[in-house]
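**Student:** Shown below is the structure under consideration.
The numbers here are math on the coordinates, done by the rules we state, and not lab data. If you're wondering where the values come from, they're calculated on a predicted model, not measured in any experiment. Neighbour counts run over all protein chains shown; Cβ positions are idealised from the backbone, glycine included.
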Amino acid sequence: MPRGTSVRHPLAGLTRDFHKIGPLDGPIDPWMCSELDQHAAQVCEGITSSGSGINARTLGTYLHGFLDGCLERGWDSEAVEYDWETLRILAICRLAKDRGFVR
């Protein structure tokens, strides 16, 4: 993990947890790669449209807001398939790894 990144940072914990259920390293199926790329682009657009840059803090803030919304809607992460919410979270985790915010 990069120096200065707290193990309690939401990106670190969630990336570690979601690595167990999602392909965050190595090759992935083309359909999932496309889905994750689209989600990542939407996340980046959502952050940068407010005038902010993409960094660990802004991505973590986005993640918190997204998860709060999921919980308010009653989303259950125990689903066996890759639903929209799971793909969005995987995309956030992948962004964090690709940008070097977590390992």
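**Student:** Report the GluC sites (Glu not before Pro) located in segment 66-103 that are in a DSSP loop and have at most 11 other Cβ atoms inside 10 Å of their Cβ, or state none.
**Tutor:** Working: sites: Glu72, Glu78, Glu81, Glu85; in loops: Glu78, Glu81.
Hits after loop and neighbour filter: Glu78, Glu81.
**Student:** Based on the Cβ-Cβ distance from Arg73 to Arg103, what FRET efficiency comes out when R0 is 30 Å, to the nearest 0.05?
**Tutor:** Details: r = 31 Å, r/R0 = 1.03.
So the FRET efficiency works out to roughly 0.45.
**Student:** Tell me, in nm to one decimal, what length is gained between Glu45 and Phe66 on full extension, where the rule is 0.36 nm per residue of separation less the Cα-Cα distance?
**Tutor:** Full-extension gain reported as 6.1 nm.
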